[in-house]
Amino acid sequence: MTFSIVGRDPATGDLGVAVASKFLAVGALVPFARSGVGAVATQSYVNPNFGPEGLRLLTSRLGPEEVAAEFQATDPDIAQRQFGIVGADGRSATYSGAGCHSWAGGYTGPDVAIQGNILTGPEVVDAMLVAWEAGAGQPLPHRLLGALRAGDAAGGDRRGRQSAALLCVGPGRGYGGLTDDWVNLRADDHPDPCAEVERLLGIHDLLFGRPATTRELDEEELGWLRALLIHEDYATSLPGGPWDPETEAAAWALYGTENLEERWVPGGRFDPVALAYLRERFGE
């Protein structure tokens, strides 16, 4: 009782799933992804084993269509199932069993599988496809969520709204570059779950995004920062003049407290996004 999109960024190899439903905590059951392997959305009287098993089969070099055929051959309740699969090479598959509640159906193309059941109609899938294609070149989390929001605006789950989730993976995309797990956001019980996940993604981008550009602080900005560090008890006093080790140590502590460590740049260069956040957070 869900609509979802499984996608791949052809430029980076990132993989992910966005899903929404009139169902509690849909993100706990539907989306699965593994960097370099593929992504799976399993729904409609969901068989949650399709997630890990689908990734295992993809790892064994089966393609999405072959994985879909394996599910159809081995699950006695396959007529009630629905799923979408995208492999690391961009091949895709979708399946909607004859026992899924109408409207049910899906679409597949290079790098994408879109599917839903108990929808207001096929216009939901159509809107998601239009948004997916229009979002080419965007970071995968934003492209997937844009498609999900388009499906929601087109009618979505005809029973209403309750939960949504966004799961994305990519090589070294995770915290500190130490993991491939990138975005894992959920609104488990919310009156407007797609909008809530979009809000959370904005916070995620701030806290876990990495600097696209950096620059040195001008004299006014450096004075403001030193005054802030003293006012917030990160230092008792700081020298004037150019950037110095004492200011760096205090600024690093501030970044850690504010969960901005992914945006930290040593040596006195600053990420403009982090600087703008700090000036808004602590005032001019």
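Figures for the structure shown
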| read-out | value |
| --- | --- |
| Count of the stretch 108-137 residues which are more than 17 Å from Gly90 (Cα to Cα) and without any contact (Cβ under 8 Å) to a residue 40 or more places away in the chain | 9 |
| Hits in the stretch 7-29 (condition: in contact with a Phe, Trp or Tyr (Cβ under 9 Å, 6 or more places away or on another chain) and either in contact (Cβ under 8 Å) with a residue 40 or more places away in the chain or small (Gly, Ala, Ser) (or both)) | Gly7, Asp14, Gly16, Val17, Val19, Ala20, Ser21 |
| Members of the stretch 262-278 found to be touching a residue at least 24 places away in the same chain (Cβ under 8 Å) and either at negative phi or part of a helix (DSSP H, G or I) (or both), listed by number | Glu262, Arg263, Val265, Arg269, Phe270, Asp271, Pro272, Val273, Ala274, Leu275, Tyr277, Leu278 |
| Some residue of the stretch 225-232 being within 30 Å of Phe32 (Cα to Cα), open to solvent by 30 Å² or more (accessible area, probe 1.4 Å) and not in a loop (DSSP other than H, G, I, E, B) | no |
| The listed residue being among the small types (Gly, Ala, Ser), more than 18 Å from the chain's Cα centre (by Cα) and within 19 Å of Val17 (Cβ to Cβ), out of Gly155, Gly106 | Gly106 |
| Residue that is touching a residue at least 24 places away in the same chain (Cβ under 8 Å), assigned to a helix (DSSP H, G or I) and of a type outside the set (Gly, Ala, Ser), where the choices are Glu65, Glu53 | Glu65 |
| Residue within the stretch 92-110 that is within 21 Å of Ala39 (Cα to Cα) and in contact with a Leu (Cβ under 6 Å, 6 or more places away or on another chain) present | yes |
| Scan of the stretch 39-61 for residues that are in contact with a helix residue (DSSP H, G or I) (Cβ under 7 Å, 6 or more places away or on another chain) and either on the phi > 0 side of the Ramachandran plot or surrounded by fewer than 21 Cβ atoms within 10 Å (Cβ to Cβ) (or both), ordered by number | Ser44, Tyr45 |
| Total residues in the stretch 1-33, condition assigned to a strand (DSSP E or B), small (Gly, Ala, Ser) and open to solvent by 10 Å² or more (accessible area, probe 1.4 Å) | 1 |
| Flag if Ile78 is open to solvent by less than 30 Å² (accessible area, probe 1.4 Å), under 22 Å from the mean Cα position of the chain (by Cα) and at pLDDT 95 or above | no |
| Single residue of the stretch 159-173 satisfying the filter (farther than 11 Å from Ser35 by Cα and open to solvent by less than 10 Å² (accessible area, probe 1.4 Å)) that is nearest to the chain's Cα centre (by Cα) | Leu166 |
| Residue that is most open to solvent (accessible area, probe 1.4 Å), among those in the stretch 251-271 that are within 12 Å of Leu206 (Cβ to Cβ) and out of contact with any Gly (no Cβ under 9 Å at 6 or more places or on another chain) | Asn259 |
| Hits in the stretch 132-155 - residues which are of a type in the set (A, V, I, L, M), buried (at least 18 other Cβ atoms within 10 Å of the Cβ) and within 18 Å of Cys168 (Cα to Cα) | Leu140, Leu144, Leu145, Ala147, Leu148 |
| Unique match (being closer than 24 Å to Gly135 by Cβ, open to solvent by less than 20 Å² (accessible area, probe 1.4 Å), assigned to a loop (DSSP other than H, G, I, E, B) and modelled with pLDDT of 95 or more) among Gly90, Gly84, Gly36 | Gly90 |
| Members of the stretch 233-250 that are closer than 19 Å to Arg215 by Cα, outside any helix (DSSP H, G or I) and open to solvent by 70 Å² or more (accessible area, probe 1.4 Å) | Pro242 |
| Filter pass, Asp180 being in contact with a Leu (Cβ under 7 Å, 6 or more places away or on another chain) and surrounded by 14 or more Cβ atoms within 10 Å (Cβ to Cβ) | no |
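The values are calculated or read from the model by the stated rules, or taken from the named source; none is laboratory data. None of the values given here were measured: they were computed from a predicted structure. Neighbour counts are summed over all protein chains in view; Cβ atoms, including those assigned to glycine, are modelled from backbone coordinates with ideal geometry. Just the protein is used for accessible areas: all its heavy atoms, side chains included, with ligands, DNA and RNA removed. Shrake-Rupley method; radii C 1.70, N 1.55, O 1.52, S 1.80 Å.
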